[in-house]
Amino acid sequence: MNVASRLSIAATVLTLTGASTLQAAPTDQAQALQALAHRYYAFAQSANPIGETDSGLHTADGKLADFSPAAQARYGRQLRAFRDELAALAPGGASVHDRVDYLLVRADMEGDWWTRTYLKSLQRDPTVYESECSNGIFSLLKKKFADNTVRAADATARLQACPAVLKQGEANLTDAVREFGVVASQDIAQGDALYTTSLQSLTTGVSSAERDQLYATRDKALAALHDYKRWVDANLPRWHSGGFAVGKEQYDWMLRRVLLLPYTSDDLLQLAHIELARDRALDAWERDRQTYAPGTTKSQPTFTDKESFLRYYEDQTALLRSFVTTHHIVTIPSYVGNFRIVELPSALAAVNPGGFMNAPGVYDKDPTGFYFVPDYDPTNTIFFAAQARQSVLPVLAHEGIPGHFLQLSIANHNADYIRRMHGDGVFIEGWAFYGEEMLMRTGLYLSDPAARLQVIHLMRHRATRIMVDVNLATGTMTLPQAISFFAKTAGIDHDTAYGEGTRFAEGPGQAIDYLTGKTQIETLIGHARDAMGSSYSLQAFHDRLLSYGSVPLSCIAWEWFGDTSWIDKVQEPIAPVSM
């Protein structure tokens, strides 16, 4: 999960000028850290209006990000000041809880700085600018946080800002990567329906004048997007191919300093190789099981219309929630809302072929979560869509309950502000991936062999993701090599391999989350059984694990069990990154 998507404006408003309004000296180190965290997270979110919308705070719904050099320079200066201030608060003899909080804030700041300094997306990635426009609109559409009059006015304002954002992109892209430019061009070519069709959902109940203004502004934004596409296409021949790898030293630094992982890139590759071998063994065992001990089986029905498909998804969601409760898998707190299934807008199907989940934001008043499902299409060969036609249970377990929706809903209620704001992707994706196999082992798919085979195939897929991510980031593979390797090793279609491989090249470090987090969680089960003795239960373990928020598992091992073996590796002296 992107750090920016978890940040939000807090009690103190800090603009990009860097002027802080919080001047009172806190009474101790822990209070000083919390105060600094409030100012930093508010500052970071103020530069990301879309992230603010998604977080459930709606004070900048009519704005897009300012990518101008002046704004970015101001941001960089203030970020350095925050890092210097944090360094002066080194926790020393503070409690383990406070020392973990310190590491979480440091990780967010260092990740922010590393992304800007080494990924250099504003200079290298044309998708940043076109996606700012499309995500700005979609964030207003996907959840009805206000009536249409308010959201239509916000959409009009964001559409008005879109041409300037695209012009900033043309000025900033001084080191553009050709492969990223191709993706930007494809996104724009496939994205008109978001503006021409999906946007119409905001016009019900608005005045004709407001509707006309919305459409007129939309037409100008669309014209600017297509102008931007023509500019990208014209520049593709002169933009360099590849050259986006950060290198092994930088990647390993990011693993330790930003993700707080006790692993190097070599360790992760070894983990992936082990999981691939394990996947092949499980696949062999499962196929023998179906041959010699098939038992009672059921098949997912086929569907003749989208309504029945969506209704089936809803029914399976209820089945999952019931299973989790009756089998004492994890406690579902009373504040957890409904998890709804909705159709994915056709305009977004090209870039989200398998659908996606939208959890409540950290400041969201509405606890409802949504899973956006592509239209049921038997001819769709994209990996995730094809798997959902076999069984929807694994994907629902990953995205809903007990997966992302439940975990993030609980994290949003953590009493510690820093824990609420930190969004460790290794924990988040690791928990959801762990749940797929955990539910298989606890009996959810006993009569569903298609679901069991899907879970095993997803293990293969997530192991291959690590290999692709590491090899792209360290420069061992070119993007075409990575895509070909991904398709063959993961056993997926070329289009899925292309989309994921390109995404990993744009943002290294996310694809490792799933298997890395799952492996760490499984390790902690052993610690919990030893520590809890006769009081151990799977439900008690899961409840305690989720109580820490979305934080690195190295921190949880330290805070829960006093096991410093992981956190010691994170804090070992490592070669500093020049910043």
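In segment 299-399, Cα pairs under 8 Å separated by at least six residues give a relative contact order of 33 percent. Sorted largest first, the principal axis extents computed over the alpha-carbon atoms of segment 99-229 equal 53, 40, 21 Å. Calculated translational diffusion coefficient of the chain (10 °C, 1.306 mPa s; Stokes-Einstein with Kirkwood radius over alpha-carbon pairs) equals 64 µm²/s. In terms of the mean number of neighbouring beta-carbon atoms within 10 Å, the peptides 61-70, 237-246, 142-151 order highest first as 61-70, 142-151, 237-246.
Per residue, the convex hull spanned by the alpha carbons of segment 251-514 comes to 141 Å³. Beyond 25 Å, the tail of the calculated P(r) for segment 240-346 holds 64 percent of the Cα pairs. If you find the alpha carbon centre of segment 256-303 and of segment 360-407, how far apart are they in angstrom? Segment 256-303 and segment 360-407 have Cα centres separated by 20 Å.
Shape class of segment 35-108 from the alpha-carbon gyration tensor: oblate, with a/c at 1.5 or above and b/c at least as large as a/b.
Over 30 Å apart at the Cα level, from the set LYS229/LYS365; LYS143/LYS569; LYS120/LYS144; LYS63/LYS518; LYS63/LYS229; LYS143/LYS220, are LYS229/LYS365; LYS143/LYS569; LYS120/LYS144; LYS63/LYS518.
For segment 174-308, the alpha-carbon coordinates run over 67, 50, 32 Å along the three principal axes, in decreasing order.
For segment 443-506 and segment 23-78, what is the separation of their Cα centres, given in Å? That distance is 35 Å. Computed on the chain, with alpha-carbon pairs under 8 angstrom and 6+ residues apart, the relative contact order is 16 percent.
Computed from the alpha carbon positions, the gyration tensor of segment 23-156 leads to an equivalent ellipsoid with semi-axes of 32, 19, 12 Å, biggest first. Distances between placed amide hydrogens fall under 5 Å for GLU343 paired with VAL373, all partners being 5 or more residues away or on another chain. Computed over the Cα atoms of segment 469-517, pair by distinct pair, the Kirkwood hydrodynamic radius stands at 10.7 angstrom. Arranged from fewest to most other beta-carbon atoms within 10 Å of their beta carbon, ASP375, ASP154 become ASP375, ASP154. Kirkwood radius, segment 3-245, all distinct C-alpha pairs, inverse of mean reciprocal distance: 19.6 Å.
Here, each number is a calculation from the coordinates, and none is a lab measurement. Everything numeric in this text was worked out from a predicted model, so none of it was measured. Glycine also receives a Cβ, built like all others from the backbone with ideal geometry; neighbour counts cover every protein chain displayed.
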